[in-house]
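The values are calculated or read from the model by the stated rules, or taken from the named source; none is laboratory data. If you're wondering where the values come from, they're calculated on a predicted model, not measured in any experiment. We place every Cβ from the backbone using ideal geometry, glycine too, and count neighbours over all the protein chains shown.
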Amino acid sequence: MEAAIELIVKIGINGTTLQAVGERAGYSRGLATHRFGSKAGLFGKVLEEASVDWLDRMQVAVGDRIGVPALVAATDAAEMFIRERPEEVRAMYLLWFLSIDPSADYKSNIATVHKAQRRDVAEWVKVGQVAGIVDPSVDPVRVAEQYAASMAGIIYQWLANSEMPLTLMFQQLKSDLRVRLERPVGELAGKRRLARG
């Protein structure tokens, strides 16, 4: 996997062959072919492992948080993933973008990964609404869609230009989420008074 990621990032998808991956990994030329069957099989495995790594990191970071704290933790985990594994993130995005080309032999599970991400975000928002810490007027599905789009856009911008202020962009996203989703403090205090009264 490491050899494949390194080649995808350094020489591109078209230049990455099963033979080159096998040789880069220090094995015979035919091992990658035997193991993955085809270039599409190799790319599918690389993307599967990178996507699982990505989603696992999000789940661990979020833990039992809900509402905005969950979204903030997921955002921080995404930035940490980018900082710790930039080549894996770059390879993942290259493969995702390749998979939407109708003429590409390789098709990815990008829709499945994004569906899982949106499902998790929507659930964090819904549970936050039930707990009274997220504005009940927001639509959890729309929040999840916007969050996923914002994350993908920020990461794409950074991949296209490493001079982009990644940390500042994520900080702005977290600030925007707080403004949009957190229930106003006065409203919470009023509800508590009514409950006690």
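Remarks
- Any hit, segment 13-23, residues being touching a residue at least 24 places away in the same chain (Cβ under 8 Å) and closer than 19 Å to residue 159 by Cα: yes
- Flag for residue 16 being of a type in the set (Ser, Thr, Tyr) and modelled with pLDDT under 90: yes
- For segment 118-170, the set of residues classified as more than 23 Å from residue 54 (Cβ to Cβ), charged (D, E, K, R) and either modelled with pLDDT under 95 or surrounded by 14 or more Cβ atoms within 10 Å (Cβ to Cβ) (or both) consists of 135, 163, listed by residue number.
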